[in-house]
Each structure stands twice: as structure tokens, then as C-alpha cells.
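What follows is a short report on a single structure.
The values are calculated or read from the model by the stated rules, or taken from the named source; none is laboratory data. The shown structure was predicted, so the numbers you read here are calculated from the model rather than taken from an experiment. Heads up, the Cβs are rebuilt from the backbone with ideal geometry, glycines too, and the neighbour counts pull from every protein chain shown.
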Amino acid sequence: MSFITQDAIGKMIYIIRGQKVMIDSDLANLYEVPTKRLNEQVKRNFHRFPHDFMFQLTNAEFESLRSQFATSKQGRGGRRHIPLAFTEHGIAMLSSVLNSDRAIEVNISIIRTFVNLRQLIAGHQSLNEKIRELEVGSNKIFKVVFERLDSLEDKIKPHLPDERKKIGLQANKKT
């Protein structure tokens with residue numbers, strides 16, 4: 001059995017309909033079974049795969065993904081059926097349908113990858129919240145600074161001469 005990196009699995013995870021999913025052909029490659037066999041097992045155990053575990057892509061979804069996973073066009077050795085997309089729960093269910101040591105090993109790696117993605121996303125969300133808090137705090141500080149500068153300007157203005165000498169470079173005047 002070959003070792004599968006989480007990075008390699010991560011590249012096979014797509015976001016479709018707002019969910020992180022893996023496509024049947026990618027899963028079949030990982031399990032080292034033909035896509036047709038994987039889909040046969042799913043059809044035999046269809047009751048184990050409700051819509052939140054697995055769904056079939058629409059033609060539009062399939063066409064938009066076609067370039068991403070470089071499948072050939074139909075009639076040239078490409079897919080004859082629109083792919084199935086499996087959510088994390090559907091992938092976990094696949095291990096009970098595909099009863100092999102390889103399926104167990106692959107599922108453990110895939111689930112770990114999904115967990116790591118969730119942790120990474122949670123880390124980004126908390127970082128975004130901290131940045132927002134800093135922005136709010138700095139906005140308050142700048143507001144106070146500008147208010148104090150305005151009040152200082154109001155206090156200093158009466159004591160300044162009406163016409164102040166301009167400071168800076170002056171353009172050469174031609175006569």
C-alpha cells in the first residue's frame with residue numbers, strides 16, 4: 001500500500017454547493033478500485049448515503065469542474081456518467097461499504113485531512129476576529145487623537161498672526 005499525504009488529499013477536495021466534497025473518481029483512485037466498482041457498491045447500499053452524505057453533480061457543476069480534474073471529453077475515453085460527490089460523512093460511510101484494509105487506511109487519511117482543514121479554517125476565523133478587534137480599537141484611538149488635535153488647533157488659532165509666513169520651497173518667479 002502506498003502512503004497518501006494529506007496535501008495530496010487536500011488537492012482532491014472541492015467546494016460544491018457550499019460543502020467540501022470529494023469526487024467519486026478521485027476516491028476510487030485513492031482506494032485503488034475502478035470508479036465503476038465504487039459506484040456499484042454505493043448503488044447497492046444507496047440507503048446509507050442520504051443527500052447530505054452524497055449527491056450527483058449537475059451538468060453545469062460537472063462542466064465547471066471538468067477542467068480542474070482534466071477529464072477527457074465524452075466519447076474519447078472520458079466519463080460516461082456525471083460524477084457523484086461525497087461529503088465528509090459520505091466518505092466515512094464508504095469505509096463500511098468498501099470493506100478492505102486499503103479503504104480503512106484511505107478513510108483515516110481523508111478524515112484527518114478534513115479535520116485539519118476545519119482547524120485551519122477555525123484558526124483563520126479567530127485571526128480575522130482579532131484583526132477586526134484591532135481595527136475597532138485603532139479607530140477609537142485615532143478618533144481621540146483627531147479630536148484632541150482639533151481642540152488644540154482651536155486653542156492655538158487666536159494666538160497666531162493673521163498672515164503666517166509660508167514655509168517650503170518657492171517656485172522661481174520669472175520677471
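For the reader, a short list of remarks on this structure follows.
- Residue 143 vs. criteria modelled with pLDDT under 75 and basic (Lys, Arg): no
- The set of residues in region 1-38 being over 16 Å from residue 112 (Cβ atoms), under 25 Å from the mean Cα position of the chain (by Cα) and basic (Lys, Arg) consists of 17 alone.
- Residues in region 47-81 that are farther than 25 Å from residue 92 by Cβ and surrounded by 10 or more Cβ atoms within 10 Å (Cβ to Cβ) were compared, and the one that is modelled with the highest pLDDT is 63.
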